Amino acid sequence: MASASTPPLLMRILAASVTVSNRAATIIRDIMKKGELGIVEKGKNDFQTEADRTAQRCIVASLHKQFPKVTIKGEEELSPTDTVPDELIEKEMDAEVLKQTCPQSLMNAKDEDIVIWVDPVDGTAEYTQGLLDHVTVLIGVAVNGIATGGIINQPYYNYQAGPDAKLGRCIWGLIGLGSFGFERQKPPEGENIITTTRSHSNRAVTEAVESCDPSQVVRVGGAGHKVLLLIEGRVHAYVFASKGCKKWDTCAPEAILHAVGGRLTDLLGKPIPYGPQVKFPNASGVLATVTNHDWYVSRIPDDIREMFEPEPEQTPVA
């Protein structure tokens, strides 16, 4: 429990995560500048680079140093014997986050209530292909299995504005407090713009999108990038009828989306659990909206719904 002079645990985790996400963004840009990406193919259209490995070491080691009792789940499988050099350990916390008031219901969240989900480079394939605005760093904070706080750091935001443009932005949010670091516009009226995967499409993905009567389909990489399009008001929904997404892809985006009044569920409209014992894949797909969520759920055809089974419901810890 936080004292009067110490911010609550959850706010300290978010403040540390904002700072370390900015450090990870710098690592990602520096590795790209050197041109030695160290690409490893983990599976079909599933890549890992030196940026993934180094950024994850930085994020996980830094957060573990400050919050040793909190469970941290990272996407990349790295050797537990790896020694993380001191220069990769980020010890600072973002002062602006610490100034915010923690919602009363989250004031007393304890170490054992929290799981941090880390995707050091969301959109790795796009990173290797030069589609840099698709790339994000994701740090999601789940409390009692519920996506509650999140960071989406976009290392190459503004990269097409010229050689002297300032790169990058960090967006963060907390349910009950709000989301920060971006400007939301009203989605185009009279349209139904849907975003979905650009590299993992199949019949089910296409059929699910088409069943929602899109006026336009925006195919981009990275779950973080797709939800950014949604919260900024550039699309109306994110529909992905596939088992390819993982918990570290959706925890941070879900929390930020929820903080602005939106919803992210599986394709059946059921919550995605983020507790310490859950399986990593989002086995029932992803559906995210700011409004009219139930309408999109109702549009998914029965033959697509039958391909997925809802995950076991998670009972929040009292």
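The values are calculated or read from the model by the stated rules, or taken from the named source; none is laboratory data. Bear in mind the structure is a predicted one, so any value in this text is a computation, not a measurement. Here the Cβ is made from the backbone with ideal geometry for all residues, glycine too, and neighbour counts use every protein chain on show. Heads up: the accessible areas ignore ligands, DNA and RNA and are worked out on the full protein's heavy atoms, side chains in. Shrake-Rupley method; radii C 1.70, N 1.55, O 1.52, S 1.80 Å.
Expressed as a whole percent, how much of the Cα-Cα distance distribution for the chain exceeds 33 Å? Cα-Cα pairs of the chain separated by over 33 Å account for 20 percent. The 3J(HN,Hα) values that the Karplus relation (6.51, -1.76, 1.60; θ = phi - 60°) gives for the stretch 91-102 are, in residue order, 10, 8, 10, 5, 5, 5, 5, 5, 6, 6, 8, 5 Hz. Gly and Pro appear as x. Overall size of the stretch 180-278 from C-alpha positions, given as principal axis extents largest first: 42, 36, 22 Å. Dividing the summed helix terms, -39500 (n - 2.57) for each DSSP H run of n ≥ 4, by the number of residues in the chain produces a 222 nm estimate of -9000 deg cm²/dmol to the nearest 500.
On the principal axes of its alpha carbon atoms, the stretch 147-214 extends 41, 37, 27 Å, with the longest extent given first.
Of the listed residues F240, F280, the order by accessible area with a 1.4 Å probe, largest first, is F280, F240.
Rounded to the nearest 20, the size of the Cβ-charge dipole of the stretch 53-164 about its Cα centre is 360 debye, with Lys and Arg at +1 and Asp and Glu at -1. DSSP beta bridges fully contained in the stretch 188-308 are about 55 percent antiparallel.
If you roll a 1.4 Å probe over the chain with all protein chains in place, what percent of the accessible area is carbon or sulfur?
49 percent
The DSSP beta bridges internal to the chain are antiparallel in roughly 75% of cases.
Note on exposure: V217, V297 ranked by accessible area (1.4 Å probe, complete protein assembly) read V217, V297, with the most exposed listed first. For the chain, the solvent-accessible area works out to 45 Å² per residue, with a probe of 1.4 Å and every protein chain left in place.
A Gaussian network model of the chain, with springs between Cα atoms under 10 Å, assigns the largest mean-square fluctuation among V218, V60, V235 to V218. Amide H contacts for T195 (H built 1.01 Å from N in the peptide plane; partners 5 or more residues away or on another chain; cut-off under 5 Å): V218, H236, A237, Y238, V239. Site pair F180 and E309 shows an inter-label distance of 4.3 nm when each label is modelled 7 Å from Cα along Cα→Cβ. For the stretch 97-167, the set of trypsin sites (Lys or Arg not before Pro) satisfying both a DSSP loop assignment and a count of at most 16 other C-beta atoms within 10 Å is given as K110, K166. Scanning residues 5 or more positions from T71 or on other chains, those with amide H under 5 Å from its amide H are I114, I116, with H placed 1.01 Å from N in the peptide plane.
Averaging 1/r across all pairs of distinct Cα atoms in the stretch 53-121 and inverting the result yields a Kirkwood radius of 13.6 Å. Counted residue by residue at 0.36 nm each, then reduced by the alpha carbon distance between them, the extension gain from Q104 to L167 reaches 19.2 nm.
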